[in-house]
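Taking it in order: structure first as structure tokens, then the write-up.
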């Protein structure tokens, strides 16, 4: 019987181990090795840390690196600010059917691919697009307005793309908050602000943290939105990785960038957990 | 549950392990180079089946590099991208010219491509489709201002121009600025000097640019909607837009259009060489080549295909290219290794500049 259980356990574990090993661990080891070699001449390579030195000293790469990090944090913050009231309304104010309908409405944009959603924004924001025409029709603008190819357009795209991933964990945690606790807060003389600060936010913290982690990762690793909506000024770190690998055939530098991004996201997630005094276990479990 | 999982894993692995049978031709090519009707005719005539993957130069090389030249049986990179990658990564195998019907090729183009793709005495490529890149513009709105690549930086067209942030732009600007980058291909110091001049120009020009286009369709939309009136682009793009709006067309810049030839190359681990040779011989027949010209919009290296080409396309070609402009086409020589690193740094800095 025990033997059976053990075989069952091993068999169940095999796909997971294969998945992690073949698709995550082994490629990463290979990437690390690639990032640590330098091309000497045709087909001749030597181990060196040149690419890390280059990546950490070239101002352009560093600028893009920090820009991507700061913009991703900003996108996460904006997403949280917008998603929190939405999630609160869905979880606490809306009842029954309305609740389901609202939740579905959040979900529906994700039925189409990210590419289509981004194209949607391009149709709205472009110079000959819907909003530009509307403004001219209403007399608010006397010539076509270009809203694409700016950081703001990119931010809109990033927030829109990651909204669902913030709303879902928030709704789940807020639903578990007993209404009577909020009521008790008011009974004890709290006002809207103090109840929000002392009761609702602390309760929703696991949802906030896990939502923020997911949204941050998605923004940091996003390729489509910055490239399509950001236009000529949108240098995003993932775009640089793509460029090094595909356009420049410089796998070594691309792999180095990949590792820098991995370290950056790990550090920021760790920092976020430290800041909120939570452990990864609490957040994920 | 466990059994299902196991079974699924096994099935998936079997799917991965299954290799294409010898008579499946896996073709890695550009959009329009393998139209459906041509594939149907080929399959009916030879019994081989054709699987087409559409791509571009950089992705073709990246894909082959990742597999050491496997996964495809016939590839179509531009002729300047054959020698360098072959020396660097060894992703191609020599082509046996005797298995091809050489009389079907335009002799001068065949010889030029063979010379440009020779590594260690072995020939790696034969020509297929050729064309140029230059300026696509709305002649009514920008025709008076824009005569050459550098005119895209003219204040008169501010906010209405676009180009790609890729190497053709660097080369085009260098020629327009009176330099000869191709002559400096073997002189890295000289090439760096030219590229830093181009970088300064492109950085200065950046406020004039609406956006850097990435794909052909993106550019078509920008020009068709009138948001962009002049752009650096391929000749076919201009000719296609010309059908919708007679003002828009392709113009060969004063400093010369840049000429490219896409080739046929056998990847190192290709498994269906016979089918690949059969495909090359098949598509180089004048009637078939004319069908490809109709689909791709570019002419081929097939001798005698001109007779079968559409008159409308020929007329557009003649309107864009005078004899003088044809003689002035700058054909891309093979890219030596190392140059793309210089260009890459320049492009990155231009993209990041404010």
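When each of A:7, A:24, A:40, A:29 is tested for being modelled with pLDDT of 85 or more and within 13 Å of another protein chain (Cβ to nearest Cβ), the lone residue that passes is A:7.
Taking (1) crowded, with 17+ Cβ neighbours inside 10 Å; (2) at positive phi in turn, residue A:189 satisfies each apart from (1). Out of B:252, B:309, one residue alone is within 20 Å of residue B:31 (Cα to Cα) and either surrounded by fewer than 22 Cβ atoms within 10 Å (Cβ to Cβ) or touching a residue at least 40 places away in the same chain (Cβ under 8 Å) (or both). It is B:309. Can you find even one residue in the range B:295-306 that is surrounded by fewer than 19 Cβ atoms within 10 Å (Cβ to Cβ), farther than 30 Å from residue B:46 by Cα and modelled with pLDDT under 90? No, the range B:295-306 contains no residue that is surrounded by fewer than 19 Cβ atoms within 10 Å (Cβ to Cβ), farther than 30 Å from residue B:46 by Cα and modelled with pLDDT under 90. Where helices (runs of 4 or more DSSP H) fall entirely within the range B:304-354, those with at least 3 residues that are at the interface with another protein chain (Cβ under 9 Å from one of its Cβ atoms) are at B:339-352. Residue B:211 meets each of the listed conditions (1) within 14 Å of chain A (Cβ to nearest Cβ); (2) in contact with a helix residue (DSSP H, G or I) (Cβ under 6 Å, 6 or more places away or on another chain); (3) in a helix (DSSP H, G or I); (4) buried (at least 21 other Cβ atoms within 10 Å of the Cβ) apart from (3).
Within the range B:78-106, the set of residues being within 21 Å of the chain's Cα centre (by Cα) and either modelled with pLDDT under 90 or part of a helix (DSSP H, G or I) (or both) comprises B:79, B:80, B:81, B:83, B:84, B:85, B:86, B:87, B:88, B:89. Can we say residue B:62 is out of contact with any helix residue (DSSP H, G or I) (no Cβ under 7 Å at 6 or more places or on another chain), within 22 Å of residue B:31 (Cβ to Cβ) and within 14 Å of chain A (Cβ to nearest Cβ)? So residue B:62 fails the test. Checked against (1) more than 14 Å from chain A (Cβ to nearest Cβ); (2) closer than 25 Å to residue A:246 by Cβ; (3) out of contact with any helix residue (DSSP H, G or I) (no Cβ under 8 Å at 6 or more places or on another chain), residue B:186 passes all but condition (2).
Evaluated against (1) on the phi > 0 side of the Ramachandran plot; (2) assigned to a strand (DSSP E or B), residue B:162 falls short on exactly one condition, (1).
Just to confirm my filter: which helices (runs of 4 or more DSSP H) fall fully inside the range A:195-285 and include at least 2 residues that are more than 14 Å from chain B (Cβ to nearest Cβ), in contact (Cβ under 8 Å) with a residue 60 or more places away in the chain and farther than 20 Å from residue A:168 by Cα?
Result: A:251-275.
Entry remark, the range B:151-185: residues being touching a residue at least 24 places away in the same chain (Cβ under 8 Å) and closer than 29 Å to residue B:59 by Cβ number 19 in total.
Candidates are the residues of the range B:107-130 that are in a strand (DSSP E or B) and surrounded by fewer than 21 Cβ atoms within 10 Å (Cβ to Cβ); the one that is farthest from the other protein chains (Cβ to nearest Cβ) is B:123.
The values are calculated or read from the model by the stated rules, or taken from the named source; none is laboratory data. Owing to the predicted nature of the structure, the values given are computational and were not obtained by experimental measurement. All Cβ positions, glycine included, derive from the backbone under ideal geometry; neighbour counts span all protein chains shown.
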